[in-house]
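Since the structure comes first, as structure tokens, the remarks are kept for the end.
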């Protein structure tokens, strides 16, 4: 599973850089560029909860296989369109949506499988190791390579991504065992009823419910800025295609630090103080980006922000895996993704509007201010959480 997830995240990282660069070759309108992020993340808003129900009803290995293979087909079509000179923005939006839909299912399944593979006492360490290994492809090597390949040949990064998705599907075939939920749906129980059960369970868990809203607020504010990052890099920093890929790689390197810090932070601080601290760091990084015009300073500030986001993500995953029963874990993970990643398309649309009206720095500066409010809300969580 680890190797398959790593291959999939490498493909995600390559397209993370290549798709926005391809879009800027078609338009420089911030709203249309942000629209690509909206299309790619809209599945988190629409499909997170149904995907959670699916993960709690089917063999999780089969779900991994299907989503990896489907994404290989979709990105293969994009590769052929780029090579043939037939790319349009509607095609990019459709591909981004379908690739995002596959990611919704794949990531939920991968996260839900972890407690089946390691003991409860090793969850934080296992999540951190998986996080670091995935970041190496998704957030460091992938974006940098995607930018370099795009600068050399526009179709090249998409061809590589297609191969990575296909390789991930092949690796899933080698995963031994049957990975059905501890207790599947009973006779006559509909998917809707299971969805309602998950919502009802989470609604009666005050700490988990508040954490879901905090995650959503942070993701909305962050996505408002990152949706127009490619325009900020090209217009304000003067970077080219390869430079933008390098900026992403340097930025996402912060996730490695987050993976190393999270287990130690959780051992020494209660959850409320740990979350408040890392969200405050993320807010500071947003301010710093909005106030600088130097590529190196921008990369350093963004890396600090991604370290904070990575730390917060690992902390939240560990809490869910500890507190949520296995038979509900897929659904609760889906609800969290609905609140967190489902906020990304809303934030991206907001960022495009803000950048169009007030310049590409506005989402960073306003997002940083709002994120300080979220940090204060995190500090008010029960100390024993």
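The values are calculated or read from the model by the stated rules, or taken from the named source; none is laboratory data. As the structure is a computational prediction, the values presented were derived from the model and not from experiment. Virtual Cβ from ideal backbone geometry, glycine too; neighbours counted across all protein chains shown.
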Item to complete: Please state which one of 330, 367 is more than 26 Å from residue 206 (Cβ to Cβ) and buried (at least 17 other Cβ atoms within 10 Å of the Cβ).
Response: 367
Response to the item:
Only unsatisfied item for residue 267, checking (1) surrounded by fewer than 20 Cβ atoms within 10 Å (Cβ to Cβ); (2) in contact (Cβ under 8 Å) with a residue 40 or more places away in the chain, is (2)
Worksheet entry | Residue under evaluation residue 278, criteria (1) free of Cβ contacts under 8 Å to residues at least 40 places away in the same chain; (2) surrounded by 23 or more Cβ atoms within 10 Å (Cβ to Cβ); (3) under 20 Å from residue 235 (Cα atoms), criterion not met | (3)
Response to the item:
Being surrounded by 19 or more Cβ atoms within 10 Å (Cβ to Cβ), under 20 Å from residue 159 (Cα atoms) and at pLDDT 90 or above narrows 6, 95, 10, 69 down to just 95
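One line per residue, one yes/no per condition, for (1) crowded, with 20+ Cβ neighbours inside 10 Å; (2) at pLDDT below 80:
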residue	(1), (2)
168	yes, no
172	yes, no
190	no, yes
204	no, no
211	yes, no
218	yes, no
228	yes, no
234	no, no
252	yes, yes
Worksheet item: Can you find a residue in the range 17-36 that is at pLDDT 90 or above, touching a helix residue (DSSP H, G or I) at 6+ places or on another chain (Cβ under 8 Å) and within 24 Å of residue 330 (Cα to Cα)?
Response: no
Worksheet item: Just wondering, is there one or more residues in the range 347-365 that are part of a loop (DSSP other than H, G, I, E, B) and touching a residue at least 24 places away in the same chain (Cβ under 8 Å)?
Response: yes
Worksheet item: Taking only pairs six or more apart or across chains, which ones have beta-carbon atoms under 8 Å, a first residue in the range 151-176 that is in contact (Cβ under 8 Å) with a residue 24 or more places away in the chain and at positive phi, and a second residue that is surrounded by fewer than 19 Cβ atoms within 10 Å (Cβ to Cβ) and assigned to a helix (DSSP H, G or I)?
Response: none
Item to complete: Return yes when residue 40 is in contact with a helix residue (DSSP H, G or I) (Cβ under 7 Å, 6 or more places away or on another chain), under 20 Å from residue 336 (Cα atoms) and either crowded, with 24+ Cβ neighbours inside 10 Å or in contact (Cβ under 8 Å) with a residue 40 or more places away in the chain (or both) and no when it is not.
Response: yes
Worksheet entry | Filter result (assigned to a loop (DSSP other than H, G, I, E, B), in contact with a helix residue (DSSP H, G or I) (Cβ under 6 Å, 6 or more places away or on another chain) and more than 17 Å from residue 104 (Cα to Cα)) within the range 309-346 | 324
